[in-house]
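Colleague: Before we start, here is the structure in question, set down as structure tokens.
Taken together, the values in this text are just the output of simple stated rules run on the coordinates, not laboratory data. Keep in mind that what you see is a predicted model, and the values were worked out from it rather than measured. Here the Cβ positions follow ideal geometry from the backbone for every residue, glycine too, while neighbour counts run over all protein chains shown.
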């Protein structure tokens, strides 16, 4: 599966970092960024493509990370999961306000705030054209939201996993500090692992590789990128089994 042409893409999963929701702020959630995300997603939904989202919690967790450093890993990770629930609710509510049906499914019980995750429910919502925002990672400590994104993408039978980042693809060095860094337009999962390119964490990349799930890394700040990806344009970096 190439994951690069619109004809082959029926369902996608987008991984959004919590930091992406900050915009130009130092922390928290930017309304401008929520609107920007909604605009990008609308182009996908209008094409009839089904969409899931996994959102991180760094923008909120950043405010308590100092306290978390002195904690055991488990409660610290639980705080991070709660941060993703806040972000997921914000993203879903903004989508709904813009006329895009969206639901939050959380991997941890949140009472009346969200519905609890089940694969069956997620698939029902997706088939109905509802955007599903997956919250609380995998529901377990020691797993990143990158791993949650790979897992959820596999569970919903996504054709493509997208990771929106601050850079426009994968480079052989940090382009911010190495102006001559080379950008990769396509990579194999085995090369990503061998060269430790930091595309996603090891577990997330391995899940994609073992389940033949194409992964595309692209710039969150590139307006219209999602539409171009669905048109088959070479946006960012595509990672596949070669």
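Colleague: Got a sec? How would 103, 15, 183, 176 order by Cβ neighbour count within 10 Å, fewest to most? Could you put the intermediate results ahead of the total?
Modeller: Numbers: 103 21, 15 27, 183 13, 176 10.
So the residues, fewest neighbours to most, are 176, 183, 103, 15.
Colleague: By counting other Cβ atoms within 10 Å of each Cβ, how are 40, 127, 93 ranked from fewest to most?
Modeller: Numbers: 40 18, 127 10, 93 14.
In increasing order of surrounding Cβ atoms, one gets 127, 93, 40.
Colleague: Then there's this: Please give the FRET efficiency for residue 39 paired with residue 79, using the beta carbon to beta carbon distance and R0 = 30 Å, rounded to the nearest 0.05. Working shown, then result.
Modeller: Working: r = 31 Å, r/R0 = 1.03.
So the FRET efficiency works out to roughly 0.45.
Colleague: Can you give the extra length, in nm with one decimal, that the chain gains between residue 68 and residue 183 once fully stretched, where that is 0.36 nm per residue apart less the Cα-Cα distance? Please report the intermediate quantities before stating the final value.
Modeller: On the way: separation 115, 0.36 × 115 = 41.40 nm, distance 3.53 nm.
Extra length available between residue 68 and residue 183 comes to 37.9 nm.
Colleague: Let me ask something else about it. Can you classify region 6-240 as rounded, prolate or oblate using the Cα gyration tensor, where a ≥ b ≥ c are the square roots of its eigenvalues, rounded means a/c under 1.5, and otherwise it's prolate if a/b beats b/c and oblate if not? If you can, show how the numbers build up before the last one.
Modeller: Details: a/c = 1.35, a/b = 1.09, b/c = 1.23.
Here region 6-240 falls in the rounded category.
Colleague: What's the exposure ranking of 104, 44, going from fewest to most Cβ atoms within 10 Å?
Modeller: Working: 104 25, 44 21.
Exposure proxy ranking, most exposed first: 44, 104.
Colleague: I would also like to ask the following. Which percent of Cα pairs goes in each bin when the distances of region 155-242 are cut into 5 angstrom slices starting at zero?
Modeller: That works out to 3, 14, 26, 26, 19, 10, 2, 0, in percent per bin.
Colleague: Given N residues in region 44-159, what is its alpha carbon radius of gyration divided by 2.2 N^0.38 Å? Could you put the intermediate results ahead of the total?
Modeller: On the way: Rg = 14.3 Å, N = 116, 2.2 N^0.38 = 13.4 Å.
After normalising by residue count via 2.2 N^0.38 Å, the value is 1.07.
Colleague: Modelling each spin label as a point 7 Å along the Cα-to-Cβ direction, I'd like the residue 223/residue 98 distance in nm, to one decimal.
Modeller: Distance between the two pseudo-spin positions: 1.3 nm.
Colleague: How long is the gain from residue 190 to residue 30 if the chain were fully straight, where each residue apart is worth 0.36 nm and the alpha carbon distance is subtracted?
Modeller: Gain in length upon complete extension: 53.9 nm.
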